Amino acid sequence: MGIDTEDNLKIAIVILNWNGKKLLGQFLPSVIEHSKEATVYVVDNASTDDSINFVKTAFPLIKIIQNTENGGYAKGYNDALKHIEADVFCLLNSDVEVTKNWLSPIIKTFKNEFNTAIVQPKLLDFNKRDYFEYAGAAGGFIDKYGYPYCRGRIFNTIEKDNGQYNDTAEIFWASGACLFIRKHVFNELNGLDEAFFAHMEEIDLCWRAKNLGYTVKYIGQSTIYHVGGATLSNTNPKKTFLNFRNSLFTVTKNAKGNIFLIILTRLVLDGIAGVKFLFEMKPKHTLSILKAHFSFYRHFKQLLNKRKSTNNKIAYYQKTSVVAHYFLHKKRFFKSL
C-alpha cells in the first residue's frame, strides 16, 4: 500500500453535476469561500440545462470537466477523476453547504494517519440544522445482512445533534455526499463499481478498501450541511429500486461467510419490506423491490466473479440484524445497539 508523503497534500474537491444550475448557484459560494486549501472542480454529467455556462460566467475560477454521457455517480466520477491530479479527492454532492475550517481537521488526519484512506465529516440536515442528515450522519456501519445504518440515523429515525458525535471514530463506510479518498487507494480499487449507477456504491468502495486493510474514519470536528434527495428523492420508486438492488450487489461482492444463506435471508426481509409498502399504499415501491431482485438475479454470476477477486473479506461491525433491533426490539438509536 502506498502512502502520501507530501507535507502539503493536494486536495481536489470534485462536484458532480447533472442539470443542477440552481444547486450550483446556491452552494458553490460556500465551497469556494471555505476551501482555500483545495482546488474545486465541477464535473458535468451531460446536462441539458445551461448549468455549465452558468458556472463559467458566475465562477470563472472553477475548473470544469465535461463528461460525454450521464453514467450516474459511479461512472461520472470514474471518468472525471482520471483527469485530475491530486493526492486526495473529495467527492462532494452539489447540494452541500460547507463551513469555515471544515477542511483543516480532515487534512490533518490524512497527513498524520497514512493508513486512513477514506474520511467523511459530520453531516447535518440543511433544512433542519440541529439534526443529522440521513445520507451519512456521523458515519456509516452495516449489519450481518448488508443493511446500512449510521451513528445518528437508523432507518428513518434521525437523532438531534447534541454533540454526542463530536469525536473522531473509525467507521465502516463514509457517505457519498462528502467522501474524501486518497487517489492511490481509489486507483488501487479501480474506482467505483459502475454497475451500481447510483446509490450505495460508496459503501461498496469503502468495504473493498477495508478488505485491503485500509481505515475509514469520521471526523466530527468538520461539519457540513446536506440537503439530501436533491437529485432523486426518497419518494421516488427508482431510488427504492437502486437501494434494494445495490444493497444486494454490495453484500454479494464483499460479505464474509455463507453468502447464499445471507442472500436468502435478505430476499425474505426485502419481501417483508415489499408487503409493508403495500399496506402503506405504495405499490410502485413494492414493484421496485421486485424489479431490484430480478436485476440482481441477472447480475448474479458477474457479482460472484467480482466476489472471487476480493480477498481478505472482513467481518461486520454489527454481527446481529439491525432490522431485528429496530423493528422487533424497538432500539432506535445507535448507542442502544
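The values are calculated or read from the model by the stated rules, or taken from the named source; none is laboratory data. Nothing here was measured: the structure is a model prediction, and the numbers come from that model. Every residue, glycine among them, receives a Cβ derived from its backbone with ideal geometry; neighbour counts consider all protein chains shown.
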- prompt: In this structure, does F180 turn out to be in a strand (DSSP E or B) and under 30 Å from V322 (Cα atoms)?
  reply: yes
- prompt: For the range 288-337, which residues satisfy the criterion of being buried (at least 16 other Cβ atoms within 10 Å of the Cβ), among the aliphatic types (A, V, I, L, M) and part of a helix (DSSP H, G or I)?
  reply: I289, A292, L303, V322, V323
- request: Quick one: F186 ticks every box in (1) assigned to a loop (DSSP other than H, G, I, E, B); (2) of a type in the set (F, W, Y); (3) more than 24 Å from F296 (Cβ to Cβ) except a single one, so which number is it?
  value: (1)
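Here's the yes/no breakdown for (1) crowded, with 18+ Cβ neighbours inside 10 Å; (2) of a type in the set (V, I, T):
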position: F27; (1), (2): yes, no
position: I64; (1), (2): no, yes
position: F89; (1), (2): yes, no
position: V96; (1), (2): yes, yes
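Only one of K10, K56 is surrounded by 14 or more Cβ atoms within 10 Å (Cβ to Cβ) and among the charged types (D, E, K, R). Can you tell me which? Walk me through it before giving the result.
Details: K56 fails: surrounded by 14 or more Cβ atoms within 10 Å (Cβ to Cβ).
Of the residues listed, the single one that is surrounded by 14 or more Cβ atoms within 10 Å (Cβ to Cβ) and among the charged types (D, E, K, R) is K10.
Taking the condition of being assigned to a loop (DSSP other than H, G, I, E, B) and modelled with pLDDT under 95, how many residues in the range 136-177 meet it? Spell out the reasoning first.
Of the residues in the range 136-177, the ones assigned to a loop (DSSP other than H, G, I, E, B) are 136-139, 143-147, 151-152, 155-156, 159, 161-167, 171-172, 174-177.
Filter once more, keeping what is modelled with pLDDT under 95: 143-147, 155-156.
Total meeting the criteria: 7.
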- prompt: List the pairs whose first member sits in the range 278-290 and is assigned by TED's automatic domain parsing to the domain that holds N243, whose second member is surrounded by fewer than 14 Cβ atoms within 10 Å (Cβ to Cβ) and at pLDDT 95 or above, and whose Cβ atoms are under 6 Å apart, counting only residues at least 6 apart or on separate chains?
  reply: T286/L278
